[in-house]
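Q: Below are the structure tokens for one structure; questions will follow.
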Amino acid sequence: MFHQTKKNTVDRDTARVRYARELLRHYRDAKQALDARLLADEEFWKLRHGIYLSDPQDHREQPTSAWLFNSIANRHADMVDAMPTSTCLAREKEDVEDASMLSKIVPAICERCHFQSTYADNAWGKLKHGVAAYGVFWNSALEEGLGDIDVCQIDLRNLYPEPGVRHLQDARNLFYVTMCDREKLERHYRSYREAPESKKMPERTDAADYPCGQDKVTVVDWYYKVPRDDGGYVLHYAKFAGEVLLYASEDDPTYAENGWYRHGQYPFVLDTLYPESDSCYGFGLIRVAKDPQLYIDRMDRNLMEYMDWASRVRFFAKKSAGINEEDFCNLNKRIVDVEGDLTDERLRQITVNGLDDTVIEVKRLKVDELKETTGSRDVSQGSTQNVTAASAILALQEAGKKGSRDAIFTSFRAFEEIVTQMVELIRQFYDQPRCFRIAGEHGKDTYLTYTNEGIREKAVRSGDMTLYRRPAFDIIITAKEKSPTEKQLRNEFAMSLFRDGAFRPENAEQTLMMLEMMDFDGIEKLRAQLETYREKCK
């Protein structure tokens, strides 16, 4: 790469930044279509899509309905009900204790990062645009300078990966653009404070909500992967503003060899709804259902206009009718003056034919099409047609939520990648002891202290050879809480076991045999308790 061939420090830094700026310009140009779609999707979401119903010369009122909005809102509720949480499982026996600690620490970090709110916010973006982005960073300013993991929402308009890659981690370069106060930048970076004004030229940004003015500076975070001799990649990081290089991990002895993050992955995770074969982005419900929504609104506009015509009493009148038009239009006038004889030929009421039922049926079919394509059927929105049993309600709702389950599965897969990066950041940065409060059952909190000593890479002697062992973990993602209907079903299931005598100590042998053929949450805990009861009865 360009930055590896320059020897003079100043010239090399300038060349690196210019190379990165040119690369960013190319990436930005390739992403214009996506940025335009994101803005158009937001107009649909805000019910401002009336501009797409007709040409600018049509000044008629453009009513907009919220069928698509309602579909997205209901799918969002399904995703929030399935808030993910993680469990770490050790691949080797000697790492079981660390896996247990990580299973408690990672949810505590997510709680401190307010991940629940971030997940809910990103769920809107995923459903609307088809993709949402998370950032998994090491923030050295947290914990009073000790540093900690920070998981946050990323604005897609500020993220510029290499165009055409199917998976984000396959990109050779990635840019993340933000805005920073000029005063803050000059205070933290001497290179920017001492740079000539000609090199502080602002970088172009397409974000519409960015404030303009001399107090704001566009800052670019440049992540790039450098090939290693073993076929892998080292992730490096550089920050610049204008043509001023603020920081480069390749120039920092601490990170020059192993990279900015030792896991070698970009600290960004994309959660995609409907994937595309030629892009790491996807598309969402608005792109799928915006045409039916526009047809529905066009029919609503025409129907409302037709009803307006039909509900107004209007007349045909000859120009020589001799009617006082002002008196005729004034409903408070008890007498209307007329010249000559009153005949139907001089004044005739305008009648509008009744509306054909086919028009209403076509609109209903378009509404049904939108519901089907977005998976927002009546049963998935809570309509169970007088069904009251929790098991029957759950069966109906689960049958109507196949699309939601698919979207939740991809979010779980993205969260698995987030947790994997969090574990790697713990492995890299948790050198000092840290204390965590772990919420226990029945309100009994526990406190634990942890460092990365148990999961760091260690040298192991094997005969005359020195091998390096790096503890590995499997990440299991599950829903944090059950929906109210699922909780009620589980309670009914527990009561049925109780009524059938499954919890009686003398029936422990038969109950354990029954549990061998069953599978439900909490079965291992119940099996352990029954084992204890059986031992007491012996």
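Q: Please verify whether the range 182-192 includes one or more residues that are open to solvent by 70 Å² or more (accessible area, probe 1.4 Å), within 27 Å of Val423 (Cβ to Cβ), modelled with pLDDT under 95 and outside any strand (DSSP E or B). Give the derivation first.
A: Of the residues in the range 182-192, the ones open to solvent by 70 Å² or more (accessible area, probe 1.4 Å) are 183-184, 187-188, 190.
With within 27 Å of Val423 (Cβ to Cβ) added as a condition, the list becomes none.
Within the range 182-192 (the criterion being open to solvent by 70 Å² or more (accessible area, probe 1.4 Å), within 27 Å of Val423 (Cβ to Cβ), modelled with pLDDT under 95 and outside any strand (DSSP E or B)), the answer is no, since none of the residues qualifies.
Q: Quick one: in the range 225-251, which of the residues that are in contact (Cβ under 8 Å) with a residue 40 or more places away in the chain and in a loop (DSSP other than H, G, I, E, B) is farthest from Ala15 (Cα to Cα)?
A: Pass one, the range 225-251, residues in contact (Cβ under 8 Å) with a residue 40 or more places away in the chain: 225-226, 238, 240-248, 250.
Subset that is in a loop (DSSP other than H, G, I, E, B): 242-243.
Details: Gly242: 12, Glu243: 9 Å.
Result: Gly242.
Q: For the range 426-456, enumerate the residues that are aromatic (Phe, Trp, Tyr) and surrounded by 10 or more Cβ atoms within 10 Å (Cβ to Cβ).
A: From the range 426-456, those aromatic (Phe, Trp, Tyr) are 429-430, 436, 447, 450; that's our starting set.
Across the range 426-456, the qualifying residues are Phe429, Tyr430, Phe436, Tyr450.
Q: Looking at the range 465-483, which of the residues that are in contact with a helix residue (DSSP H, G or I) (Cβ under 9 Å, 6 or more places away or on another chain) and modelled with pLDDT under 75 is surrounded by the most Cβ atoms within 10 Å (Cβ to Cβ)?
A: For the range 465-483, the residue satisfying everything is Ser483.
Q: Further question: Could we say that Tyr192 is touching a Lys or Arg at 6+ places or on another chain (Cβ under 9 Å), within 27 Å of Tyr119 (Cβ to Cβ) and of a type in the set (Phe, Trp, Tyr) here?
A: On the way: touching a Lys or Arg at 6+ places or on another chain (Cβ under 9 Å): yes; within 27 Å of Tyr119 (Cβ to Cβ): no; of a type in the set (Phe, Trp, Tyr): yes.
So Tyr192 fails the test.
Q: Please list, ordered by first then second residue, the pairs with beta carbon atoms under 6 Å, 6 or more apart or interchain, first in the range 368-380 and of a type outside the set (Ser, Thr, Tyr) and at pLDDT below 75, second open to solvent by 60 Å² or more (accessible area, probe 1.4 Å) and in a helix (DSSP H, G or I).
A: Val379/Leu396
Q: Write out, first by first residue and then by second, each pair whose Cβ atoms fall under 7 Å of each other, whose residues are 6+ apart or on separate chains, and whose first residue, in the range 75-87, is over 23 Å from Thr420 (Cβ atoms) and in a helix (DSSP H, G or I) while the second is open to solvent by 50 Å² or more (accessible area, probe 1.4 Å) and not hydroxyl-bearing (Ser, Thr, Tyr).
A: Listed by first residue and then by second, the contacts come to His76/Trp124.
For every residue, the table says whether it meets (1) open to solvent by less than 20 Å² (accessible area, probe 1.4 Å); (2) hydroxyl-bearing (Ser, Thr, Tyr); (3) modelled with pLDDT under 95.
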| position | (1), (2), (3) |
| --- | --- |
| Met79 | yes, no, yes |
| Pro84 | yes, no, yes |
| Cys88 | yes, no, yes |
| Arg91 | no, no, yes |
| Glu97 | no, no, yes |
| Met101 | no, no, yes |
| Ile105 | yes, no, yes |
| Arg112 | no, no, yes |
| Tyr134 | yes, yes, no |
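Q: Looking at the range 149-162 only, could you name the residues that are assigned to a strand (DSSP E or B) and either in contact (Cβ under 8 Å) with a residue 40 or more places away in the chain or in contact with a helix residue (DSSP H, G or I) (Cβ under 7 Å, 6 or more places away or on another chain) (or both)? Lay out the reasoning, then the answer.
A: As a first pass, look at the range 149-162 and keep what is assigned to a strand (DSSP E or B): 149-154, 159-161.
Within the range 149-162, Ile149, Val151, Cys152, Gln153, Ile154, Leu159, Tyr160, Pro161 qualify.
Q: Here are some residues: Leu24, Leu47. Which one is at pLDDT 85 or above and open to solvent by 60 Å² or more (accessible area, probe 1.4 Å)?
A: Values: Leu24 fails: open to solvent by 60 Å² or more (accessible area, probe 1.4 Å).
One residue alone meets the criteria, Leu47.
Q: Further question on the same structure: Say whether the condition of being modelled with pLDDT of 90 or more, under 28 Å from the mean Cα position of the chain (by Cα) and under 30 Å from Glu43 (Cβ atoms) is met by at least one residue in the range 221-229.
A: The answer is yes, given that some residue of the range 221-229 is modelled with pLDDT of 90 or more, under 28 Å from the mean Cα position of the chain (by Cα) and under 30 Å from Glu43 (Cβ atoms).
Q: Does any residue of the range 58-70 turn out to be among the hydrophobic types (A, V, I, L, M, F, W, C), open to solvent by 20 Å² or more (accessible area, probe 1.4 Å) and modelled with pLDDT under 85? Outline the logic, then answer.
A: Taking the range 58-70 as the starting set, the residues that turn out to be among the hydrophobic types (A, V, I, L, M, F, W, C) are 66-69.
With the extra rule that they be open to solvent by 20 Å² or more (accessible area, probe 1.4 Å), the set shrinks to 66-67, 69.
Right, trim to modelled with pLDDT under 85 and you get none.
Looking through the range 58-70, none of the residues is among the hydrophobic types (A, V, I, L, M, F, W, C), open to solvent by 20 Å² or more (accessible area, probe 1.4 Å) and modelled with pLDDT under 85.
Q: A further question on this structure: Tell me, which residue of the range 240-269 that is open to solvent by 30 Å² or more (accessible area, probe 1.4 Å) and in contact with a strand residue (DSSP E or B) (Cβ under 6 Å, 6 or more places away or on another chain) is nearest to Leu68 (Cα to Cα)?
A: Within the range 240-269, the match that is nearest to Leu68 (Cα to Cα) is Trp260.
Q: Hey, another quick one. Does the range 121-144 contain any residue that is among the polar types (S, T, N, Q), in a loop (DSSP other than H, G, I, E, B) and within 29 Å of Gln432 (Cα to Cα)? Write out each step before concluding.
A: First pass over the range 121-144, keeping only residues among the polar types (S, T, N, Q): 122, 139-140.
Pick out the ones that are also in a loop (DSSP other than H, G, I, E, B) and you get 140.
So of that shortlist, the ones also within 29 Å of Gln432 (Cα to Cα) come out as 140.
Within the range 121-144, one or more residues are among the polar types (S, T, N, Q), in a loop (DSSP other than H, G, I, E, B) and within 29 Å of Gln432 (Cα to Cα).
Q: Now, a different point. Of all the residues that make up the range 492-510, how many are over 12 Å from Thr532 (Cα atoms) and in a helix (DSSP H, G or I)?
A: Residues that pass the stated criteria total 10.
Q: Can you tell me how many residues within the range 262-286 are in a loop (DSSP other than H, G, I, E, B) and polar (S, T, N, Q)? Quick ask: steps written out before the conclusion?
A: Taking the range 262-286 and keeping what is in a loop (DSSP other than H, G, I, E, B), we get 262-267, 273, 277-278, 284.
Filter once more, so that each one left must be polar (S, T, N, Q): 265, 277.
Total meeting the criteria: 2.
Q: Restricted to the range 282-313, and to residues that are touching a residue at least 40 places away in the same chain (Cβ under 8 Å) and basic (Lys, Arg), which residue is most open to solvent (accessible area, probe 1.4 Å)?
A: Looking at the filtered set, the residue picked out is Arg287.
Q: Return only the number of the condition from (1) closer than 21 Å to Tyr223 by Cα; (2) touching a residue at least 12 places away in the same chain (Cβ under 8 Å) that Thr254 does not satisfy.
A: If we test Thr254 against (1) closer than 21 Å to Tyr223 by Cα; (2) touching a residue at least 12 places away in the same chain (Cβ under 8 Å), just (2) comes out false.
Q: Based on this model, can you work out whether Ala238 counts as more than 21 Å from Arg470 (Cβ to Cβ), among the hydrophobic types (A, V, I, L, M, F, W, C), under 28 Å from the mean Cα position of the chain (by Cα) and modelled with pLDDT under 90? Before you say what the answer is, go through the steps one by one.
A: Working: more than 21 Å from Arg470 (Cβ to Cβ): yes; among the hydrophobic types (A, V, I, L, M, F, W, C): yes; under 28 Å from the mean Cα position of the chain (by Cα): yes; modelled with pLDDT under 90: no.
Answer is no for this residue.
The values are calculated or read from the model by the stated rules, or taken from the named source; none is laboratory data. Here the structure is a predicted model, which means the values were calculated and not measured. Every residue, glycine as well, gets a Cβ built from its backbone with ideal geometry; the counts of neighbours run over all protein chains shown. All accessible areas refer to the heavy atoms of the entire protein, side chains included, with ligands and DNA or RNA removed. Shrake-Rupley method; radii C 1.70, N 1.55, O 1.52, S 1.80 Å.
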